[in-house]
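Participant: The structure follows.
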Amino acid sequence: MIGNLLFRAFRKVETNVHELNYLFWECTTRCNLHCRHCGSDCKEASGERDMPIADFIGALKTIPRKAIPKNFTVVLTGGEPLMRRDIAEVGRQIREYGCHWGMVTNGQLYTAERQDELLRAGMGALTISLDGLEASHDWMRGRTGSYNRAVEAIRLAAAQPRLYFDVVTCVNQRNINELDGIYNLLCEIGVPQWRIFTIIPIGRAKDDPKLHLADSQFVDLMEFIKQHRQHSGRTKVTFSCEGYLGRYERVVRDAPYFCHAGVNIASVLIDGRICACPNIDRDRFSQGNIYTDNLYQVWNERFEPFRNRNWARTGICKNCKAFNLCLGNGMHNWHGACDEVINCHYRKIENSGNQ
Amino acid sequence: MKWIHNLLKCCSFSAVLFTFQACYGTPEDMLEADATCTIHVVDASGKDIPNVEVLVKNNASGDKLYADTTNGAGMAFIKEYMACSVVNLKFELRPLENADFQPKDTVIMGLSEQITITLDHK
Ligand code: SF4
Ligand code: SF4
């Protein structure tokens, strides 16, 4: 109880101060895989051109150096960032401006030579996706052989002590029974952290029942994470930030649930729009555009819907007793008219009746 | 508000509250400076050699990263060497007043907080 009050006070301070320290750059929407769950419908040859480096760096430089905290991290995302040949150059320019940088990749183009080049450009954080054992991963990613390449990339990254590295897995009907196998594999490789999330029912994923967990399976997943956090394997298991988890709060991840979108997280999207996490409804929540606005000014003066979530008191959230802790779940769970949250993790847990 | 935020940030017990990663993002890169290490320059008997210029280079690209001079205890503090992530650094040491010692080039292939390099007499 006191812990919750203190946490809410902390969240209030953080929101009022809203220090920007995590900036996504959707640097391309080209991709070399065809994932079933991808919200962004990326293609090998995307209709959108990659944003030129100078455009992004120009936007980054609107943030005064003195406003850049020590751990400020620029996260390159896509699409598949490694489809661009100039990522190392981007990284160097980000480092020169005093920021850290990292990248989310599917691992298909992540070779030893590429890793070396990126490390030399100051890459400090990396996330690689692995969505199951071989058949399930290849099914999910839409390409035979993609599992083997991802695992090779994971081996390379895990052997590199400089990197803050983790593997992410999107849990679904196909891979939920493979969690032990994936865990053993990651421990054997020496991956420091495994982060698990579930699928947001948007884009291609919305109408694919194989991608969604039943409420009881979701609770099984919570139990899996809970158990694996209790024994000291080489790989730490954690659940993503995606939603408020009621009785599993502080059990399946270190910190209490807090959607940092627009509080500490911003993004520059492929067309220059300024938003927060790239999985948020960009038509609804974008706050400006780097081609017409000053990124830092937008950060300081807009982002109101992210910092005051009272608008989320609607639909099932309206009279929810957990609202003060949940604030209507992660921002990425609100799309379109935003009259109803599309995913409530707390209810899944409560509904399952599994204690 | 800002001072409470800064105070909390300094408290190690609250560090966990400040580290996060978005679902589709990476962990934060928490390395303080890019890396910091101490170069300790000694002679063959282990005695400190002061006033040696230490130049750190990225061995792969040849970029100069940092130059410092050892103090009285033979120490040079290397504060910023981002390419250390590739753990392939070249140290060039040039004695500025100890004419008895030979300059030395040495390549380091492993990260370590303190690196001891021995200079040889001419
Ligand atoms: S109903 Fe809304 S506020 Fe309540 S737990 Fe679910 S998402 Fe959160
Ligand atoms: S929008 Fe979603 S992914 Fe982003 S911080 Fe909030 S919960 Fe996490």
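Participant: Can you list the residues, at least 5 places off or on another chain, whose amide H is less than 5 Å from the amide H of residue A:165, using H built in the peptide plane?
Facilitator: Residues meeting the amide H criterion: A:126.
Participant: Once a ≥ b ≥ c are taken as the square roots of the eigenvalues of the Cα gyration tensor of the stretch A:1-107, is the result rounded (a/c under 1.5), prolate (a/b larger than b/c) or oblate (a/b not larger than b/c)?
Facilitator: On the way: a/c = 2.81, a/b = 1.49, b/c = 1.89.
In terms of gyration-tensor shape, oblate.
Participant: Quick one, what does Rg over Rh come out to for the protein assembly as shown if you take C-alpha atoms and the Kirkwood Rh?
Facilitator: Details: Rg = 24.0 Å, Rh = 23.9 Å.
Reported Rg/Rh, Kirkwood definition of Rh: 1.01.
Participant: Next question, about the same structure. Collect residues whose amide H, placed 1.01 Å from N in the peptide plane, falls under 5 Å from the amide H of residue B:108; neighbours closer than 5 in sequence don't count.
Facilitator: Answer set, sorted by chain and number: B:89, B:90, B:91.
Participant: Shape of the stretch A:231-355 from its Cα gyration tensor (a ≥ b ≥ c, root eigenvalues): rounded if a/c is under 1.5, otherwise prolate when a/b > b/c, or oblate? Present the calculation step by step, with values, prior to reporting the outcome.
Facilitator: Working: a/c = 2.46, a/b = 1.51, b/c = 1.63.
It comes out oblate by the Cα gyration axes.
Participant: Over chain A, what relative contact order in percent results from Cα pairs under 8 Å that are six or more residues apart?
Facilitator: Numbers: 637 pairs, mean separation 62.3, N = 355.
Contact order relative to length: 18 percent.
Participant: Relative contact order (percent) for the stretch A:71-163, with alpha-carbon contacts under 8 angstrom and 6 or more residues of separation? Let's see the in-between values first.
Facilitator: Working: 126 pairs, mean separation 25.7, N = 93.
Over the stretch A:71-163, the number comes to 28 percent.
Participant: Give me the percent relative contact order of the stretch A:197-355, please, defined on Cα pairs under 8 angstrom at least 6 residues apart. Mind showing how you got there, number by number?
Facilitator: On the way: 198 pairs, mean separation 39.7, N = 159.
Over the stretch A:197-355, the number comes to 25 percent.
Participant: Also: I want to verify a result. In a Gaussian network model of chain A, Cα cutoff 10 Å, which of these has the top mean-square fluctuation: A:278, A:161, A:52?
Facilitator: A:161
Participant: Roughly how many whole Å is it from the C-alpha centroid of the stretch A:89-128 to that of the stretch A:267-316?
Facilitator: 26 Å
Participant: Would you list which lysines come within 20 Å of residue B:2, measuring only between C-alpha atoms, while excluding same-chain residues fewer than 8 positions from it?
Facilitator: A:12, A:66, A:70
Participant: While we're looking at this one, here's another question. State in Å² the accessible area per residue of the protein assembly as shown; use a 1.4 Å probe, count heavy atoms of protein chains only, and round to the nearest integer.
Facilitator: Values: 20000 Å² over 477 residues.
With the other protein chains kept in place, the protein assembly as shown gives 42 Å² per residue.
Participant: Follow-up. What FRET efficiency, computed as 1/(1 + (r/R0)^6) with R0 = 41 Å and r the Cβ-Cβ distance, is obtained for residue A:148 and residue A:316, rounded to the nearest 0.05?
Facilitator: On the way: r = 43 Å, r/R0 = 1.05.
Here the calculated transfer efficiency is 0.45.
Participant: Something else now. What does the structure give for A:120-129 when I average, per residue, the other chain Cβ atoms found within 10 Å of the residue Cβ? Intermediate results must be reported in sequence, preceding the final value.
Facilitator: Values: counts 9, 5, 7, 4, 9, 8, 3, 5, 1, 1.
Shielding by partners across A:120-129 averages 5.
Participant: Under a point spin-label approximation (7 Å from Cα along Cα-to-Cβ), what is the residue A:307-residue A:180 distance to one decimal in nm?
Facilitator: 4.9 nm
Participant: Follow-up question, since we're still on this one. Rounded if a/c is under 1.5, else prolate if a/b beats b/c, else oblate: with a ≥ b ≥ c from the C-alpha gyration tensor eigenvalues square-rooted, which is the stretch A:163-311?
Facilitator: Values: a/c = 2.05, a/b = 1.83, b/c = 1.12.
Here the stretch A:163-311 falls in the prolate category.
Participant: Sort A:63, A:2, A:342 from largest to smallest accessible area, using a 1.4 Å probe on the heavy atoms of the protein chains.
Facilitator: Details: A:63 0, A:2 125, A:342 65 Å².
Order by accessible area, largest first: A:2, A:342, A:63.
Participant: Going by accessible area, probe 1.4 Å, with all protein chains left in place, what is the ranking of A:212, A:137, A:231, largest first?
Facilitator: Numbers: A:212 50, A:137 0, A:231 90 Å².
These residues rank, largest area first, as A:231, A:212, A:137.
The values are calculated or read from the model by the stated rules, or taken from the named source; none is laboratory data. Just so we're clear, the structure is a prediction, and the values are computed from it rather than from any experiment. Note that we place each Cβ from the backbone using ideal geometry, even for glycine, and neighbour counts take in every protein chain shown. The protein model used for the area step is the full one, side chains on, heavy atoms only, and it has no ligands, DNA or RNA in it. Shrake-Rupley method; radii C 1.70, N 1.55, O 1.52, S 1.80 Å.
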